[in-house]
Structures are given as C-alpha cells and as structure tokens.
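Read the structure below first, then the notes.
The values are calculated or read from the model by the stated rules, or taken from the named source; none is laboratory data. Worth saying up front: this structure is predicted, and the values here are computed from it rather than measured. When we count neighbours, we look across all protein chains shown, and the Cβ atoms used for this are built from the backbone with ideal geometry, even at glycine. In case anyone asks, the SASA skips ligands and DNA or RNA and just uses the protein heavy atoms, side chains included. Shrake-Rupley method; radii C 1.70, N 1.55, O 1.52, S 1.80 Å.
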Amino acid sequence: MLDILIVGSGPAGLSAAVYAKRAGLNVLVAEKVYFGTGQVAESNRVDNYLGISGINGYELGEKFRTHAEQLGVEFVNKEALNFIRDNDIWKVEFDNGDVLKTKTVIYATGAIHRHLNIAGESEYAGKGVSYCATCDGAFFKGKVTAVIGGGNTALDDALYLSDISSKVYLIHRRDEFRGSYDTVKKLKEKENVEMIMNSKLQEITGGEIVTGITLEDGRSISVDGVFIAVGMVPVTEAVKSVVTLDDNGYIIAGENGKTSAKGFFAAGDVRTKELRQIITAVSDGANAAVQAENYVRK
Ligand code: NAP
C-alpha cells in the first residue's frame, strides 16, 4: 500500500515527490509519457525561475527529475484512468489493467494545448502545424510561419521564430494582446514580424504539407508552418466524477491542494489558480505533499 501516489511528473509532481520522499513516505510517481517532465520541456529559455536564470526548459525539467531520482523516488510509466474510494483507501486503475492502492493521491497532470478545431488543423498536425515553437521551430529555418494567439506563449513563440523564420505572421482575434507589453514592444521592433489583429483563422491549407492559411475575412496567406498557441486545457477527464471542477475544467483546490474528495490533492496547472508558472507549480507540489503527509500521519 502506498502512502502517496503522485500522478504526473511535471514540476508539481516532482516537487511533491521530493517532499514526500524526504518525509519518509512510501511514494510512487505515475507518468503517462516515459521520462515526461511536462510543459517545462517545451520552453526554449526559462528566465524567471528563482536562482537559475536563462536555462533551457528541458534542462530544468531534467534537473527536477534527477533531484527526485537521487532521493530514490520511483516512477512507473502508465496512465491512471479511474480513482475509486473504498474504506478510506484510493484504488487506482491504470490503462494496462494494473490496480494500485494508496492512502492519498496527488494529482498533478497539468494542462495540454487547446486546439482551434478548424479545417486542416488535425490533418496537418506534424506536417506544418505545431503546438510547440521551441520543439519544432528549427524545422522552419528561412521559411514563413504564422503564430496564432495573443497570450504570452504566442508572443514568446513569435519572438523565438523571428530569429529562425524569414517572416512571422502573428495573428490574434482581438485588437490587443493578453501577453506582456514588454514582449509586444520587442516584436514591434522586429522587421520580419507582421501582426494581424482582429482576425481568426478559418482553414489551414496545403497538399502533403502546409502551404497556407485562410482567415475568416477571406484573405489567404502563404505560410510553411502554423504555430497554434491559444491556451491550455486541464487534464481532468479521469477525475471529473471524483472531484469538483470549475467551469473551465480545472480542479477546485486552494494553495494547500485540498480538493472536494478526502485524501485527494491537486497541484500545479491542473488546479484553480491565478498564476500558472513553473515556480508556482513547484510550490504547489510542496504544499500538497505536506498536506498529504499530515493526512497519512493522522
Ligand atoms: P493564455 O494566456 O490563455 O492566452 C491564450 C490566447 O489565445 C489568448 O490571447 C486568447 O485570445 C487566444 N485564444 C484562445 N482561444 C482562441 C481561439 N479559439 N481562437 C483564437 N484565439 C484564441 O494562454 P498562454 O499564452 O498559453 O499562457 C498560459 C499561462 O502561462 C498564462 O498565465 C501566461 O502568462 C503564462 N505564460 C507565461 C510566460 C512567461 O512568463 N514568459 C510564457 C508563456 C506562458 P483572447 O486574448 O482574446 O482571450
């Protein structure tokens, strides 16, 4: 019987694992993707993690992982699908049929990229359509790209691609950006970045690979790559009947990670919170682990 099953191996899950292991608890981390470190791996450069400035996201994720491994944290590579509470114990069923029993769960599955659900999007995924500029940007050296969205991710992506692509269209549905003023200023100074405001994408077109986009106003633009950065969707499908979610699908939980279900804690981007950053996910993991420890010891 486990004391804590941590679901998810991003910054929140790994931080929880470090705290739980150091507290002498019997802890296991279940991850859907082998050696996954979550969204952090997608950041080309992380500049706002205290004490470690200017680090590549993948490298930072690996440091988190190594820290947990050095303490002896164990990982399993399978997806948790069902959570059943039975006599104060959680029975967790996995995609491969395995069942684990645990006193508590720390759910730290994060969020995934939102899709536009337009024609051509799924057809050209991996053939010119990408959700991660830092992962796929290098394929578009000297080519024309479009970034869709107006938040910090879209702005950062456009800035990153402006150093790789010959031309970057930044297409946003409103007349002002949601993301940082500072990045918008930098983008305006870039000669190869063209901002198209008040515009929505209607279709992504091409043959074998992407060759263009069509906007809702009928304009067609030739591009080689489309980077979609329109926000994230929490990974909560497996727990929607277990804990209370907010209207956007995030698990309702405060800083202490406590959810509507006893012994079930939420940490990181998957919970309701104001600021979704690596540092707040790490903080969440620590908080949830301490709460889970208190619960187990009681
Ligand atoms: P976000 O802040 O939620 O922005 C999503 C953007 O996509 C918004 O501009 C939104 O438009 C647009 N959008 C949403 N659905 C759309 C649709 N169907 N069609 C067209 N546009 C659509 O998401 P994010 O940029 O991924 O950022 C997530 C969080 O991470 C934020 O808190 C952000 O500050 C943070 N972050 C921080 C950094 C950094 O500090 N460097 C970097 C990346 C992300 P509207 O504006 O009209 O709603």
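Any idea which of (1) touching a strand residue (DSSP E or B) at 6+ places or on another chain (Cβ under 8 Å); (2) acidic (Asp, Glu); (3) within 14 Å of the ligand (Cβ to nearest atom); (4) under 18 Å from PRO11 (Cα atoms) is the one GLU274 doesn't satisfy?
Result: GLU274 fails condition (1) only.
Just checking, how many residues over the stretch 150-186 are surrounded by 23 or more Cβ atoms within 10 Å (Cβ to Cβ) and near the ligand (Cβ under 7 Å from one of its atoms)?
Residues that pass the stated criteria total 4.
Here are some conditions: (1) on the phi < 0 side of the Ramachandran plot; (2) within 15 Å of the ligand (Cβ to nearest atom). ARG297 meets all but one. Which one does it not meet?
(2)
Within the stretch 141-162, which residues are in contact (Cβ under 8 Å) with a residue 60 or more places away in the chain, part of a loop (DSSP other than H, G, I, E, B), over 14 Å from ASN192 (Cα atoms) and touching a strand residue (DSSP E or B) at 6+ places or on another chain (Cβ under 9 Å)?
Selection gives GLY149 alone.
Take the stretch 22-58 and flag every residue that is open to solvent by 70 Å² or more (accessible area, probe 1.4 Å), at pLDDT 95 or above and of a type in the set (D, E, K, R).
ARG22 - this is the single residue of the stretch 22-58 that is open to solvent by 70 Å² or more (accessible area, probe 1.4 Å), at pLDDT 95 or above and of a type in the set (D, E, K, R).
So is ILE84 in contact with a Ser or Thr (Cβ under 6 Å, 6 or more places away or on another chain), part of a strand (DSSP E or B) and more than 16 Å from the ligand (Cβ to nearest atom) or not?
no
For the stretch 187-275, which strands (runs of 3 or more DSSP E) that fit wholly inside it have 2 or more residues that are of a type in the set (Phe, Trp, Tyr) and open to solvent by less than 50 Å² (accessible area, probe 1.4 Å)?
Those strands (runs of 3 or more DSSP E) span 264-266.
When the stretch 71-106 is examined, which residues are found to be closer than 20 Å to GLY285 by Cα and polar (S, T, N, Q)?
Scanning the stretch 71-106 gives ASN77, THR102, THR104.
Name every residue in the stretch 149-167 that is among the β-branched types (Val, Ile, Thr) and either in contact with a Phe, Trp or Tyr (Cβ under 7 Å, 6 or more places away or on another chain) or within 12 Å of LYS186 (Cβ to Cβ) (or both), in order of residue number.
Of everything in the stretch 149-167, just one residue is among the β-branched types (Val, Ile, Thr) and either in contact with a Phe, Trp or Tyr (Cβ under 7 Å, 6 or more places away or on another chain) or within 12 Å of LYS186 (Cβ to Cβ) (or both), namely ILE164.
Does GLU216 fit the bill of being modelled with pLDDT under 95 and either farther than 28 Å from LYS298 by Cβ or more than 15 Å from the ligand (Cβ to nearest atom) (or both)?
No, not satisfied.
With respect to VAL144, determine if the residue is of a type outside the set (Lys, Arg), more than 16 Å from the ligand (Cβ to nearest atom) and open to solvent by less than 20 Å² (accessible area, probe 1.4 Å).
no
Going by what's in this entry, would TYR49 be described as more than 13 Å from the ligand (Cβ to nearest atom), of a type in the set (Ser, Thr, Tyr) and in a loop (DSSP other than H, G, I, E, B)?
Against the criterion (more than 13 Å from the ligand (Cβ to nearest atom), of a type in the set (Ser, Thr, Tyr) and in a loop (DSSP other than H, G, I, E, B)), TYR49 does not qualify.
If a residue has to be more than 10 Å from the ligand (Cβ to nearest atom) and surrounded by fewer than 19 Cβ atoms within 10 Å (Cβ to Cβ) to count, how many in the stretch 117-133 make the cut?
8
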